[in-house]
Amino acid sequence: MPDAAPLMPRKTSDGGSKTPRDRLLPGALRLERLALQVAGRLLVNIEKLTLDPRSVTVIMGPNGAGKSLFLRLVHGLIPPTQGWISWGEVACGEATRSTQAMVFQKPVLLRRSVAANIDFVLRRRAGTKAERRARCDELLTRVGLAGQAQQPARLLSGGEQQRLALARALATRPKVLLLDEPTASLDPASVQMIEQIVLASSAEQTKVIFVTHDVGQARRLAGDVAFLHHGQLVEYGPATAFFANPSSEAAKAYLSGRIVL
Amino acid sequence: MQDFAGAFGLAFGLIASGDADLFEIVGLSMRVSLMALLLSCLIGFPIGALLVVRKFFGRGIVIALVNSMMGFPPVVIGLLIYLVLSRAGPMGWLGLLYSPTAMIIAQTVLIAPIVAALSRQVLEALQAEYDEQFRSLGISRGRAMLALIVDGRYGLVTVALAGFGRAVAEVGAVIIVGGNIEHLTRVMTTAIALETSKGDLGMALALGIILMSIAISVNLGAGALRAIAERQAYA
Amino acid sequence: MKRTTLFGAALLSILATVASAEDPSILVQSTTSTQNSGFYDYILPIYKSETGVTVNVVAVGTGQAIKNAQNCDADVLLVHAKAAEKKFVDEGFGVARSDLMYNDFVIVGPAADPAGIAGGKDAVAAFKAIAEKKALFASRGDDSGTNKAELKLWDKAGIDIKAASGDWYRATGSGMGATLNASVGMGAYTISDRATWISFGNKGDYLIEVEGDPVLFNQYGIILVNPEKCPSVKADLGQQFIDWLISPHGQELIAANKLDGKQLFFPNAKP
């Protein structure tokens, strides 16, 4: 198996960084010797990784590859057993988390109206009621929920709920947007809307890390791809190169639609 | 043997005739218990939320303590409050013994732990759902507690009901600190105890029927509230 | 926030109703026998209408009433246990004790009368017969005035009720009414003050078995709690209540208090 020993990323440790200043961007994720062990099982084990600080990075891999755990680790929601994570030379923690927003696979919505879910996040920031309302309207319009502002959030359809979760994530004006399979089992219209919003955010200088195991979606979104398998980073590189010619057997098998164990 | 039909008749007769003493007693019962409930919720909800949000050292012991306080016998609580509020006691200068305020204090001491322990259980499930999202959003502990209480409101109504039920049905503590003084501290339960001891079982039963009717209507009201909440997927 | 203001207003209004302004009032620690017999329901409205003073009564056993008064949780003490009352005054807790009124104790029991004491005039002999037959007897067992009087009778009869407790002797540890309920419930004899017995509403087939023995005399006394020991005592209002009760007017009212045509208490204050 190619993953018996930790594989080095295909690219050098500089990843996509083009200039030394890039290392200071809030989206410049660097990690070394990252490991997460739970009940004696090594669930994540990545020797070294440096991400392009601007691109949309898609994390791919079969179920159980550790994609969600990876996202939670770099967001600082769970502490690693060992290793070192930093964003723009700032150690991963509350400070970096406050510049990021995460959208979970299953949206977690407050038991309140759609607008109140947005306002809950907006209220953390200063601003008059009128300003908050204007921003709320803007965000809801962006995700196509303007007409449902006063509805109970938990009565929305799955796709609408996820769009609301995305709007709430954007309400914090994050420098980094982390998405954990946000469109799994959603209606196509919602998938398309979410992808468009993600790409638009990326165009506005937001670093995006998007976990998916939908190959078509990865092709549509990815600037670069990290492929995880059994908790290890099998390969990382520009999307074009990855899709044209994956270097690992696991990624080849995965892309060709074969079952990867 | 007293007959139950007679007691029911007496109960409805009392209500229909607008008996002033009866309404005074029912009113005081409600006022004391609702006030105690309000204070208990103000104390108990934040404690319940705090126990859910903060995983501090010794939390397990605090939870065990609060849970066991739920089972404290009301007479013991009443006796302790009596000793504190008695003129000879440390807070005697307040002159609160044998007043509705003393009864509110006793009932609050009695039901605040119930509200705290039950709301912790209700909020625990909510916290499991919200925790990661809140940490991701950088929500402070204080705001998280508030959000849990607000979003758990329909579950907490049930908690409050349990507390109210215990407060309004309680006799051991309020008879010690209230003294069952007519027109001052006589509430439904102490009036029932008095009528029973006078051997006027019909009147006692009539009061009991009224007390139970109040309990049932309060619960029905809360059930309706819950049904509305569920329709909005807020429960 | 509008909602916060509303909530605060609601909270304040509840607090305000609870702590509403009070009329002049005094607190009397007294016995369950006087309350259960309806004595206070009769006399206090008259007092209130004549003086405007509200009398709040806490009715417990005599023993507990005295203890509560020793804790300064009373202005006036109205009980029936002469020895304990004298001790209360001697120790400085009370100012002075006045005889107020009396009634008497009666021994009541089921119509079946298993100990065969009905119609007797000798309370001690009746107690001896109850003990002999091991007929059930319910005692207050709460250190009340009635309880103390009852224990004195057992003592005179030379019967060790401690040995019988839980067997045929049942100490309920409750007030007079509750003990009467318990007696009727288990078919036991008991001793009650006459006033409570007359007004008791759950008599079943119970009758007075023994009455009229001088040892069954039941004297009530009234005492002002000593303001020197308890500065919170409303001495003026308390004394006013005592003076009113022992005045010829008050004594007449006590004598006029009747239930089913039977006089409940017999005034005997010495002016």
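The longest stretch of chain C left intact once loop-based GluC sites (Glu not before Pro) with at most 13 other Cβ atoms within 10 Å are removed from consideration, loops following DSSP, is C:92-227.
Rounded to the nearest whole Hz, the Karplus-based 3J(HN,Hα) values (6.51 cos²θ - 1.76 cosθ + 1.60, θ = phi - 60°) of the stretch B:140-157 follow the sequence 5, 4, x, 5, 5, 4, 4, 5, 4, 5, 5, 6, x, 4, 6, x, 6, 4, with x at glycine and proline. Per residue, the convex hull around the alpha carbon atoms of the stretch C:104-216 comes to 85 Å³. Note on chain C: with a GNM built from Cα contacts shorter than 10 Å, the maximum mean-square fluctuation among C:Val60, C:Val124, C:Val79 falls on C:Val124. The lysines within cross-link reach of C:Lys262, meaning a Cα-to-Cα straight distance under 24 Å and a gap of 8 or more places when in the same chain, are B:Lys198, C:Lys121, C:Lys203, C:Lys270.
With a simple spin-label model that places each label point 7 Å from the Cα along the Cα-to-Cβ direction, the separation between A:Arg124 and A:Ala95 comes to 1.7 nm. Between C:Glu132 and C:Ser165, full extension at 0.36 nm per residue minus the direct alpha carbon distance yields a gain of 10.4 nm.
Stokes-Einstein, applied to the Kirkwood radius of the protein assembly as shown over Cα pairs at a viscosity of 0.692 mPa s and 37 °C, places its translational diffusion at 102 µm² s⁻¹. For the stretch C:104-216, the antiparallel share of DSSP beta bridges with both residues in that region comes to about 55%.
The value of relative contact order for chain B, using C-alpha pairs under 8 Å at least six residues apart, is 31 percent.
Note on A:Val215/B:Val62: beta-carbon distance plugged into 1/(1 + (r/R0)^6) with R0 of 60 Å gives a FRET efficiency of 0.75.
In debye, nearest 20: dipole of chain A around its Cα centre with unit charges on the Cβ of K, R (+) and D, E (-)?
740 debye
At a Förster radius of 35 Å, what calculated FRET efficiency corresponds to the Cβ-Cβ distance of B:His183 and B:Leu42, to the nearest 0.05? Result of the calculation: an efficiency of 0.75. Within the stretch A:40-64, list the residues whose amide N lies under 20 Å from a label point set 7 Å along Cα→Cβ of A:Glu249. Label zone hits: A:61-64.
A crude spin-label estimate for the pair B:Ala215 and A:Ile259, with each label 7 Å from Cα along the Cβ direction, gives 5.9 nm.
Measuring between their Cα centroids, the stretch B:131-148 and the stretch A:24-96 lie 23 Å from each other.
With the cut-off at under 16 Å, measuring from each backbone N in the stretch C:54-90 to a point 7 Å along the Cα-to-Cβ line of C:Lys152 picks out C:62-63, C:79-88. Using equal-weight Cα scatterers in the Debye expression, the normalised intensity of the stretch C:196-255 in log10 at q = 0.17, 0.19, 0.20, 0.27 Å⁻¹ is -0.83, -0.88, -0.91, -1.11. Taking a point 7 Å from the Cα of A:Ser68 along the Cα-to-Cβ direction, the residues of the stretch A:78-112 with backbone N closer than 12 Å to it are A:104-107.
Once both labels are positioned 7 Å from their Cα atoms along Cα-to-Cβ, the gap between A:Gln82 and B:Asp19 label points is 8.0 nm. Restriction of the trypsin sites (Lys or Arg not before Pro) in the stretch C:70-150 to DSSP coil positions whose beta-carbon has at most 13 other beta-carbons within 10 angstrom yields C:Lys121, C:Lys134. Length gained on full extension, C:Lys229 to C:Ala111, computed as 0.36 nm times the residue gap minus the Cα-Cα distance: 37.5 nm. Over 19 Å apart at the Cα level, from the set C:Lys67/C:Lys87; C:Lys48/C:Lys234; C:Lys86/C:Lys258; C:Lys87/C:Lys152; C:Lys128/C:Lys162; C:Lys87/C:Lys148, are C:Lys86/C:Lys258. Is the C-alpha gyration tensor of the stretch B:2-234 telling us rounded, prolate or oblate? Criteria: a/c under 1.5 is rounded; beyond that, a/b larger than b/c is prolate, otherwise oblate. In terms of gyration-tensor shape, oblate.
Here the contact order of the stretch C:104-216, divided by its residue count and restricted to Cα pairs under 8 Å and six or more residues apart, works out to 49 percent.
Only the coordinates and a few stated rules stand behind these numbers; no lab work does. These figures come from a predicted structure and were not determined experimentally. All Cβ positions, glycine included, derive from the backbone under ideal geometry; neighbour counts span all protein chains shown.
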